[in-house]
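The structure appears right after this line, and notes come after that.
The values are calculated or read from the model by the stated rules, or taken from the named source; none is laboratory data. The structure presented is a predicted model; accordingly, all values stated were derived computationally and were not measured. Quick reminder, even Gly has a Cβ in these numbers, built from the backbone with ideal geometry, and neighbours come from all protein chains shown.
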Amino acid sequence: MEEISRRHFIKSAGTAGFAIWLGLSAKGNPLMAMDIASANFSPYILIEASGKITIFNTKPEMGQGTLQSFPALIAEELEVSMDQVIIKQSNGEKAFGGGQSAGGSASIRTNYLPMRKVGAAAKEVLILAAAKIWGVDAAECYAENGTVIHRASKKMLPYGKLIEEASKIELPKNPKLKDPKDFKILGKTTKRQDIPLKTNGTAGFGIDVKVPGMLYAVVERSPVFGATLKSYDATAVLKIAGIKKVGPIERIVGKYKYTGIAIIGNSYWTVSQARKKLKVVWENNGHETFNTVDYENHLRKLAAEPGITGKNIGSVETMQISPENTFEAFYETPVVAHHPLEPMNCTAHVKGDKLEIWTSTQVASAMTGSGPNDLPKQVGFAPENVKLNNQFIGGGFGRRLYFDYIVEAVNVAKLVDVPVKLIWSREDTTTQGPFRPMTFSKLSAGFSTDGKLSTFQHKVISPSYFESMQANYDRTKVDTIMMEGIAEQAYEIPNLKTTYVRADLHIPVAAWRSVTSSTLAFAHEGFIDELAYKAKKDPMEFRLELLSKPSDTKKVLLKLKEVSNWEQKLPQGKGRGVAVWDFFAGLAGQIVEVSHHPDKTISIDKVIAVIDLGAVVNEDNVKNQVEGAIIMALGAATKPGITFKDGKTVEQNFYDNPMVRINEAPVVEVHILADGGKVKGVGEPGLPPFAPALANAIFAASGTRFRKMPFDLKTEG
Amino acid sequence: MISLNVNDQNFDIDADPDMPLLWAIRDLVGLTGTKYGCGVAQCGACVVHLNGEAVRSCITKVSRARGQKIRTIEGLSKNNDHPLQLAWNEVNVPQCGYCHSGQLMSAAVLLRENPNPSDADIDQAMAGNICRCGTYLRIRKAIHLAAELQKKGETKG
């Protein structure tokens, strides 16, 4: 099975003449081979006798910059410039294993050392080869710009001329990595190769794919979640010129299976017009009364339940705190849609027992994987018979971690014997989910008689992510995704307890950029701020007093304090708010400065962000990511979310589910901490601190405390 | 048959006159730089120039464009060297890139009409274009830079 896909991969890589492949074993050891078909490792570098150097990027490009940043790790150590190498995107080939996915801000933080190791091992073996050819000591040679140079004689040999000799030498297992002070690429601002393609219309996204003979499809789905198909009548549809086929197909998202009616025809316009003539009767199964107002009331009631204990540090329950030193607050957040600007789409071609797909997915590995939740199993093909052609992703934000639209497209393609491009309309993309679920937070805290924060409890009331994903979810356990980060903040609070109250929901839920930290940080850091005011302390000083020990969080806050001139008082009507959040993806903090105008409106004067990274690959790209995360967080904090009525999603398109526009974009200043510590993620950490920092700033400026997202940038008081 | 002039080239396409220009350009002419984002003139991903004016091709019937001069992102410049394209590359504006064909086509009209736009002018002219990745700060910066480049280009010429 593996052999077939390896050969397939090699064919597509298309080497001519002698070549060496260098990569990593499953255990992370550098390995080399002349014949990749029989090699048992993931290849990342291909050097050919012609001098051509190829670096493979296994992380799908969705705007986060991995097309440049992942290969840059290898190029730095290999001593080649980014202009010298050809970057090839992997497509779920078995050779590259299960790591071909982009999510969790993980691409760089989990590959920073392994990829450098591959590049360093390759460079070392090439230097050894040159030294052998010249009959000199390897220590007298160095590599630069794809050549090895003998220091004394200035003799030079390009890598392509060294690979035959290199192939006879054993690859160093533990190559020496460069001192960061010698970096030429990492930590600098380097150009992304995809940018020119994105300024002249030539970047190919999933929706742009053209396959000869291809038809187009749309799918009519039930607007009511949980409905099943009763009957449909396609008579009027089939009379329309250009319509080829109509039939029921299945979509799978997590544990949910939905039937839709596919309409296939000769253009997207034809099929979307025909869709209006399709008659479908759905069985709503009692879900037609579901609505957000009732569900939110249900969540508020559930807050009285004891819930399941997550972390319980110290003795929250037995602490004797007087009522006047106890404080409580309740925070609420809405459901939101991901809304990547490229609507969901996939082109699929079923050729007997073989399947070829062209799409934009964050999870290339899942397209060819052999697990029960991978695409081949879900659509009934052998993994080795599935070929993926992954394109640039027109926005991911977590939505394209789920491939329900791909399952659907494959099932559509089974109805005909030609390739079919399935496109979701914006309305489909808005209404059909999966969505980021709402979280409600019940918080309570107590101060001891000496004024120290002694107890802190955070209870999360929400639907469960894992229950949406898995039919056999264990309801007696805490859903760790829904409790993200709340027990792991660095604050030194002696008695801390987190609990989870699960709420039933029949609507599919999903991870949304920064996952549950995008809501829980608002509650957690908002409440910390409230406690600072209760304690009559400056919110920055209150936090720092809870951070007596050195920590990355403390470092971020001190940097924020410095760059914001925190101690300098702001004039009347202005206010600053601070928030910091540490979670699996990384760590960042922000200060928002706002003005509270006489007409009660709030404007954001400035956002100052500090992101803690340990190490930086592409400085300007980090800033771009943080700026974008803040804009996305601003939308989630202040724009209406997704609501349900009569079992259906109410919002349809950008007119009733608005996004932030350029005239609303605040000034953002990004500071990066990179002190050689733990390497942390870039894509998500800029998001969680924004909403609490904004709410805290509004309180500082106006005395109005927002505990429910979304909030208007206007106060009543 | 409908005759379209796209980027100074003539195309005879067999399209329903009601078909939006967007789909005629993408699926029949075969130029995919112009994007579908919302279909209801809300996001600006589909902006093209019709006789030099920015229009939302998703709500413009192809029949309205018959015989008119259409310019798409592919025809904004020959070598990706319109001042805006140079500025977009210099400032590293795009992330996912999906919206930027429309952003650039909207910005091109702004810059032609107003060679020295202020932040407020930019905000007003570009508010019809959504960037979900949130590259707005860079769009502002790049339009200012493009205005500079445009001025330099004029003095050179």
Check: Condition test on B:Lys78, is it touching a residue at least 24 places away in the same chain (Cβ under 8 Å), among the charged types (D, E, K, R) and more than 9 Å from chain A (Cβ to nearest Cβ)?
Finding: no
Check: Taking into account only those residues within the stretch A:203-217 that are under 27 Å from the mean Cα position of the chain (by Cα) and not charged (D, E, K, R), which is surrounded by the fewest Cβ atoms within 10 Å (Cβ to Cβ)?
Finding: A:Gly204
Checklist line | Selection from the stretch A:285-304 of residues that are closer than 27 Å to A:Lys534 by Cα and charged (D, E, K, R) | finding: A:Arg300, A:Lys301
Notebook entry, point to check: Is it the case that B:Leu4 is at pLDDT 95 or above, in contact with a Leu (Cβ under 9 Å, 6 or more places away or on another chain) and more than 12 Å from chain A (Cβ to nearest Cβ)?
Noted result: yes
Next item on the list: Please enumerate the residues belonging to the stretch B:3-24 that are of a type in the set (Asp, Glu) and either over 20 Å from A:Asn266 (Cα atoms) or touching a Phe, Trp or Tyr at 6+ places or on another chain (Cβ under 8 Å) (or both).
Entry: B:Asp8, B:Asp16
Note to self: Checking A:His339 against (1) buried (at least 20 other Cβ atoms within 10 Å of the Cβ); (2) on the phi < 0 side of the Ramachandran plot; (3) of a type outside the set (Asp, Glu), only one condition comes out false. Which one?
What the structure shows: (2)
Next item on the list: Determine which single condition A:Gly146 fails, assuming it passes every other condition in (1) in contact (Cβ under 8 Å) with a residue 60 or more places away in the chain; (2) surrounded by fewer than 24 Cβ atoms within 10 Å (Cβ to Cβ); (3) at negative phi.
Entry: (3)
Check: Does B:Glu53 fit the bill of being in contact (Cβ under 8 Å) with a residue 12 or more places away in the chain, surrounded by fewer than 20 Cβ atoms within 10 Å (Cβ to Cβ) and in the same structural domain as B:Leu145 (by TED's automatic domain parsing)?
Finding: no
Next item on the list: Could you give me the residue pairs with C-beta distances under 8 Å whose first residue belongs to the stretch A:423-442 and is without any contact (Cβ under 8 Å) to a residue 24 or more places away in the chain and over 21 Å from A:Asn266 (Cα atoms), whose second residue is assigned to a loop (DSSP other than H, G, I, E, B) and not acidic (Asp, Glu) wherever it lies, and which are 6+ apart or on separate chains?
Entry: none
Notebook entry, point to check: If a residue has to be of a type in the set (Val, Ile, Thr) and either outside the structural domain of A:Pro692 (by TED's automatic domain parsing) or without any contact (Cβ under 8 Å) to a residue 60 or more places away in the chain (or both) to count, how many in the stretch A:553-607 make the cut?
Noted result: 0
Next item on the list: Say whether the condition of being under 18 Å from A:Val594 (Cα atoms), of a type in the set (S, T, N, Q) and crowded, with 20+ Cβ neighbours inside 10 Å is met by at least one residue in the stretch A:659-681.
Entry: no
Item checked: In the stretch A:181-219, residue farthest from the other protein chains (Cβ to nearest Cβ) [restricted to those that are touching a strand residue (DSSP E or B) at 6+ places or on another chain (Cβ under 9 Å) and aromatic (Phe, Trp, Tyr)] -> A:Tyr216
Check: Restricting to helices (runs of 4 or more DSSP H) lying wholly in the stretch B:52-157: which have 2 or more residues that are in contact with a strand residue (DSSP E or B) (Cβ under 6 Å, 6 or more places away or on another chain) and closer than 27 Å to B:Asp12 by Cα?
Finding: B:100-113
Next item on the list: Identify the single condition in (1) more than 14 Å from chain B (Cβ to nearest Cβ); (2) surrounded by fewer than 24 Cβ atoms within 10 Å (Cβ to Cβ); (3) at pLDDT 95 or above that A:Gln68 does not satisfy, given that it satisfies every other one.
Entry: (1)
